[in-house]
Amino acid sequence: WASYCHKCEQEIPEIVQAYPVMHPKGFQVINISVDQTNPAWLGAVAANNMSWPNVSMLDGWKSPIARGYRVQSTPTYYLVDKNFKIVQKPERFREVMTFLGQNLK
């Protein structure tokens, strides 16, 4: 995600709403930002009330995480299981919610 990402701005409120409901069932969100400035990144975290872990190397698209996972756009989602195996790469958050509805009880 990134502070300047318009699709992220649209989807973050959905995540904020879903997180307190799904987190007790085992769902965890970890945001990895491709921002390049600390004020923009942390300002967006605070403004959007993102209470889950947020990290950034402030390297933008040159970040080893972005490169390693071949992230080419924001937002990018990966659903991983308890063993950190990628189980799905949804394109939108509604797909995340569909998966969680079918797999988290």
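The values are calculated or read from the model by the stated rules, or taken from the named source; none is laboratory data. Bear in mind the structure is a predicted one, so any value in this text is a computation, not a measurement. All Cβ positions, glycine included, derive from the backbone under ideal geometry; neighbour counts span all protein chains shown. For accessibility, only protein heavy atoms count, side chains too; no ligands or nucleic acids. Shrake-Rupley method; radii C 1.70, N 1.55, O 1.52, S 1.80 Å.
Brief remarks follow.
- Carbon and sulfur %, accessible surface of the chain computed with the full protein complex present, 1.4 Å: 54
- Most to least accessible of Y78, Y4 (protein chains only, probe 1.4 Å): Y4, Y78
- Per residue, the convex hull spanned by the alpha carbons of region 1-52 comes to 66 Å³.
- Taking the charge dipole of region 16-97 about its Cα centre, with +1 at Lys and Arg Cβ atoms and -1 at Asp and Glu Cβ atoms, the residue from Y19, M57, N83 reaching farthest to the positive side is N83.
- Solvent exposure of the chain amounts to 66 Å² per residue of accessible area, where only protein heavy atoms count and the probe is 1.4 Å.
- Normalised by 2.2 N^0.38 Å, where N is the number of residues, the C-alpha radius of gyration of region 24-105 stands at 1.16.
- Taken about its Cα centre, the chain carries a charge dipole of about 380 debye when Lys and Arg each add +1 at the Cβ and Asp and Glu each add -1 at the Cβ.
- Pairwise label distance in nanometres, K105 with T37, each label 7 Å out on the Cα-Cβ vector: 5.0
- In degrees, nearest ten, helix 38-47 long axis to first principal axis of the chain (Cα): 40
- Amide H partners (placed H, <5 Å) of I32, local residues excluded: V55
- Virtual spin-label span in nm between N49 and Q10, 7 Å along Cα→Cβ: 2.2
- Top of Q36, Q28, Q17 by mean-square fluctuation, Gaussian network on the chain, Cα under 10 Å: Q17
- Theoretical gain in end-to-end length, T98 to F84 [0.36 nm per residue, Cα-Cα removed]: 3.1 nm
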